[in-house]
Amino acid sequence: MQNIFQKVKTLFRPAEQAGFCVICYNLIMKVSWKKRKRNYIFPLVFGVIVTAGLGYATMELGGRNNRLILSDPATPWLPLQVMDINKTSPEPVINIVTPGRKFSLPSAKWVPQTFNNCGPATTSMALQYFGYSVTQEETKRALRTNPKDSNVFTYEIGNYLRNDFNIESRLMFNGNMMILKTLVTNGFYIIIEDWLHPFEDIGHNAIIRGFDDDMGVFIADDPFTGVGVKYKYSDFDEGQWKPFNREYLPVYRKEKESLLKAIVGENWDTTRMHLNAIRINELDVQKNPNDMYAWFNIGTSYYALGQYTKAKEAFERSRTIGWPMRMLWYQYQPVQTYNHLGEYDKALEMAAIGLSTYEAFSELHLELAIAHKGLGNLSKARVEVERAITLAPNFEQAITFQNQL
């Protein structure tokens, strides 16, 4: 018997001998000598040897990334376990701070905007939060490459912050008041696009950095009015923010991105975000079929999803109710929709409406060029794309279009 036990031990490397051999020995010694004399002791010993061999093979085949965990000799009946030390660790828990009744982040030093310069001035204030001192004239040179360019889109601010300062941002739609509160509570400054005053039609940029439920206000750093400006809940959502499909741009360092994703949830996926925006605005039109902004928001959401026929239907319904004079200055997706559908005459008509009150919109001139090309008027297309590039020398889409004519 001792010879058999010694042979079992030799199957193992020295590091594994002690624990496993105790198990084998205990298994064999559990059988009384009288019973061991019987013929079935040899099958038993044979089974132990086979088990030992399989265990050794498992260790060898598993390689250095697996190791054998031996049971405590005092409890020899516990099964052997193989642990994979390369198993992926669970994702770290993201702790989201729940908003209280009031909260505010530190303010920037006010940068009072010059004429039509709310975007660059807002950008200058946003940079202060990250330790940069950049004047609005510097940000203007980057964001408004022509003095006549009166509108800076929020995504342009995001691109500038990322490319020049390594500050991340995420252009989002379908926001709500709780999202804004949660973001600022967790340390995010939020650039928004809205109307300058409730229920007017002059586009504006500002930064949400706090809220106060007792006063019923959001707290903003606003390049037009000052820092610590209070936006009343009762006016802000419907009268200022909703006309832009509740657009918001959180700005942050890369290490906070997982926290942002956790806060916005499924809206991090752009397709889901736009579908949710459609659902929210459809609820609004169920309550009020003449909700012009809700119909327009449905249109911009379908446009973002590439569903141009549905976008067209929503835009036309919105237009029938009545757009404010400056609607196409800031959101020109109706013109783009007609061009995508090949309805070039309607695109020309729609772009002309936007340019009738102010002609210095490079994006609308590009849409005119696209429509003229679609109708076969290449000379007119060249004229319009040249105007677009004159107004915005860095307008990449216009430059690409011109090169393809």
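Structure data summary
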read-out: Net charge of Cβ neighbours under 14 Å - reference LEU341; Lys, Arg +1; Asp, Glu -1; value: -3
read-out: In range of the label at LEU283: residues from the range 173-193 whose backbone nitrogen is under 17 Å from the point 7 Å along Cα→Cβ; value: 173-181
read-out: Inter-centroid distance (Cα atoms) of the range 91-115 relative to the range 325-399, Å; value: 38 Å
read-out: Least to most buried among PHE130, PHE361 (fewest other Cβ within 10 Å first); value: PHE130, PHE361
read-out: Restraint check, LYS102/LYS242; LYS148/LYS256; LYS242/LYS346; LYS232/LYS346; LYS230/LYS254, Cα-Cα greater than 32 Å; value: LYS148/LYS256; LYS232/LYS346
read-out: Potential lengthening between GLU138 and ILE321 on full extension [0.36 nm per residue; Cα-Cα distance subtracted]; value: 61.8 nm
read-out: Residues with amide H under 5 Å from that of GLU193, placed H, sequence gap 5 or more; value: GLU247
read-out: Net length gained if the chain between PHE115 and GLU349 were fully extended (0.36 nm per residue, minus Cα distance); value: 81.3 nm
read-out: Footprinting exposure proxy for GLU359, GLU247 (fewest neighbouring C-beta atoms within 10 Å first); value: GLU359, GLU247
read-out: Where labels lie 7 Å past Cα in the beta-carbon direction, separation of LYS148 and LEU375 in nm; value: 2.1 nm
read-out: Contour excess over end-to-end distance, with Cα ends at GLU91 and LEU305 and 0.36 nm allotted per residue; value: 73.9 nm
read-out: Sorted by Cβ neighbour density within 10 Å, fewest at the top, the residues THR135, THR225; value: THR135, THR225
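A short reminder: the numbers here are calculations on the coordinates, not readings from a lab. This is a predicted model, so every value here is computed, not measured. All Cβ positions, glycine included, derive from the backbone under ideal geometry; neighbour counts span all protein chains shown.
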